[in-house]
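What follows is a single structure, written as structure tokens, with notes after it.
The values are calculated or read from the model by the stated rules, or taken from the named source; none is laboratory data. Keep in mind it's a predicted model, so treat the numbers as computed, not measured. Neighbour counts are summed over all protein chains in view; Cβ atoms, including those assigned to glycine, are modelled from backbone coordinates with ideal geometry.
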Amino acid sequence: MRRPAAGSGRPIASAATWLLYNLLLLLFLPLIVVILLRQMFARSKTLEGFGERMGGIVDLVGGLEGEDPVVWVHAVSAGEVAAVVPVIRQIRISEPIVRIALSTVTGTGREMAESRGIDPDARFFFPFDVPGVVDRVLDTVRPDVLLLVETEIWPNMLYAAAARGVSVIIVNGRVSDRSFRRARLLKPLFAWTLSNVEQICAQSQQDADRFVELGADPERVVVTGNSKFDEQFPTVGDAEVSKYVQDFGFARTDPVLLAASTHEGEEELVLRAFTRLRVTHPRLQLIIAPRHPERGGRVEGLVNDHGYAAYRRSRALEAGGADPLAPEGGPQMRVAILDTIGELARVYGAATVSFVGNSLVQRGGHNILQAIAQGKPALFGPHMENFRDIAAICLREQVGIEVADLDELTAQIDRLLNSEGDLALIAARGPAVIEKYSGASARNSAHVVDLLEAHHPDLRSPIEGDDGREG
């Protein structure tokens with residue numbers, strides 16, 4: 001039997017704001033359609049799950065049937081999924097009977113969820129934020145709690161959820177510099193939207209203050225930290241490192257530069273730095289892991305233009321592990337391109353020095369903790385707005401290094417390659433930093449359990465003094 005919908009509704013913000021938002025949405029609908037069509041033709045993956053985005057998920061939620069409480073978790077893409085996985089695990093430890101519905105926006109987010117083994121009871125693409133569509137999905141999933149990761153603030157969804165008495169919580173909440181500037185221009189809309197959120201668990205005090213400035217009730221905002229420190233980082237042994245090195249065609253004693261999560265424009269800079277560094281480090285090897293694996297062919301063209309042969313990981317795996325285009329006459333200098341999903345966290349173990357991309361271009365940066373967890377120095381550019389607090393922590397703990405441009409990138413890599421002492425210090429300090437800042441997932445999950453208990457008083461309460469909360 002389908003359990004009853006959670007709650008009976010609670011006071012929500014003015015319907016006039018809802019009407020104004022949707023009138024503006026209707027006004028800009030032609031432009032939105034054009035943008036979506038362009039994306040569909042540019043990247044065929046955008047077509048994936050179109051029916052689900054329109055609310056057609058009835059056949060996907062059989063695992064939610066029954067009387068057990070349901071938490072709907074929404075995470076945009078791979079990074080947000082990785083951040084919420086430890087929170088989901090903690091919720092299940094606290095309340096094993098809870099059913100989990102997981103939605104994402106991107107295909108890579110869905111693939112990440114599959115690779116992390118969290119096995120949600122239902123999985124689907126997040127619906128378009130349009131009245132009728134969000135109503136259809138909420139009526140199908142019927143969650144007790146809607147858990148949003150980081151900055152997923154959708155006015156129609158939150159309004160409709162609040163009208164049904166669904167408890168809305170934001171975990172790992174953050175407001176980037178760019179988002180904050182834009183949001184202040186639409187403060188009434190954000191204030192109305194945030195009025196439908198019962199709890200905001202912010203990554204830092206600055207993020208908490210920004211939520212409040214945008215209209216959130218200060219009593220509903222708490223700082224719990226960043227759950228990305230709680231990710232289950234892999235343990236990579238010597239045998240696995242040796243296997244990667246052999247596959248890539250490197251010698252086990254060769255120093256390795258790993259350029260991870262790179263975007264257009266950064267591979268060119270990395271290749272130029274690599275060519276310079278090989279003058280003084282002739283055995284240096286290079287691995288490039290583009291953020292979007294489908295760019296592997298484009299990256300291979302750049303590698304060839306710089307005079308190097310390329311090892312494509314995807315091509316080698318399709319051939320059973322051997323590279324069908326390996327040069328004759330044994331190994332030679334070539335650049336490895338890691339154009340696969342799910343291997344990067346382990347390949348950091350084979351690196352000597354790492355650079356994490358999306359940071360030399362103005363795109364907001366990427367997560368550097370996978371490098372730190374493996375004890376590798378993480379270099380990154382000045383544009384880390386989306387990972388501001390993680391970057392600040394790693395700089396403060398001296399396991400991360402910010403570089404401004406090609407010259408600084410080259411100089412810092414050269415310095416590290418010449419300093420076995422610095423490399424050894426970071427190798428020891430990196431995992432300790434991860435441990436030092438862990439614990440946010442337990443704090444976030446405790447707040448989720450509190451909301452669940454408001455809907456289901458029969459659920460057991462956390463053991464007093466052992467719920468991991470802060471402040």
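Set side by side, the residues LEU417, LEU395, LEU425, LEU451 differ, and just one is hydrophobic (A, V, I, L, M, F, W, C), touching a helix residue (DSSP H, G or I) at 6+ places or on another chain (Cβ under 9 Å) and modelled with pLDDT of 95 or more, which is LEU417.
Residues checked against (1) touching a Leu at 6+ places or on another chain (Cβ under 9 Å); (2) not hydrophobic (A, V, I, L, M, F, W, C):
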{"position": "SER167", "(1), (2)": "yes, yes"}
{"position": "SER179", "(1), (2)": "no, yes"}
{"position": "GLN199", "(1), (2)": "yes, yes"}
{"position": "ARG210", "(1), (2)": "no, yes"}
{"position": "VAL236", "(1), (2)": "no, no"}
{"position": "VAL245", "(1), (2)": "no, no"}
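The set of residues in the range 315-337 being touching a Ser or Thr at 6+ places or on another chain (Cβ under 9 Å) and either under 24 Å from ARG272 (Cα atoms) or at pLDDT below 90 (or both) consists of ILE337 alone.
Within the range 139-157, residues that are closer than 21 Å to SER445 by Cβ reach partners that are of a type in the set (Asp, Glu) with beta carbons closer than 6 Å, at six or more positions or on different chains, in the pairs VAL149/GLU80; GLU150/GLU80. Does the range 377-400 contain any residue that is touching a Cys at 6+ places or on another chain (Cβ under 6 Å) and outside any loop (DSSP other than H, G, I, E, B)? Looking for residues that are touching a Cys at 6+ places or on another chain (Cβ under 6 Å) and outside any loop (DSSP other than H, G, I, E, B), one finds at least one in the range 377-400, hence yes. Highlighted here would be strands (runs of 3 or more DSSP E) found entirely within the range 35-154 that include at least 3 residues which are more than 15 Å from the chain's Cα centre (by Cα), over 24 Å from LEU451 (Cβ atoms) and modelled with pLDDT under 95, but there are none. Condition first: in contact with a His (Cβ under 8 Å, 6 or more places away or on another chain), assigned by TED's automatic domain parsing to the domain that holds GLU152 and not charged (D, E, K, R). Can you find one or more residues in the range 64-71 that meet it? Yes, because at least one residue in the range 64-71 is in contact with a His (Cβ under 8 Å, 6 or more places away or on another chain), assigned by TED's automatic domain parsing to the domain that holds GLU152 and not charged (D, E, K, R). Would you mind stating whether GLU402 is under 20 Å from VAL356 (Cα atoms), modelled with pLDDT of 95 or more, not assigned by TED's automatic domain parsing to the domain that holds ILE170 and not hydroxyl-bearing (Ser, Thr, Tyr)? When the stated conditions are applied, GLU402 passes them.
The set of residues in the range 238-289 being crowded, with 18+ Cβ neighbours inside 10 Å and among the charged types (D, E, K, R) consists of GLU266, GLU267.
Consider the range 108-120 and keep the residues that are of a type outside the set (Lys, Arg) and surrounded by 19 or more Cβ atoms within 10 Å (Cβ to Cβ). The one that is farthest from LEU344 (Cα to Cα) is PRO120.
Kindly indicate which of ALA216, ALA202 is at pLDDT 95 or above and either more than 22 Å from ALA16 (Cα to Cα) or in contact with a His (Cβ under 7 Å, 6 or more places away or on another chain) (or both). Only one candidate qualifies: ALA202.
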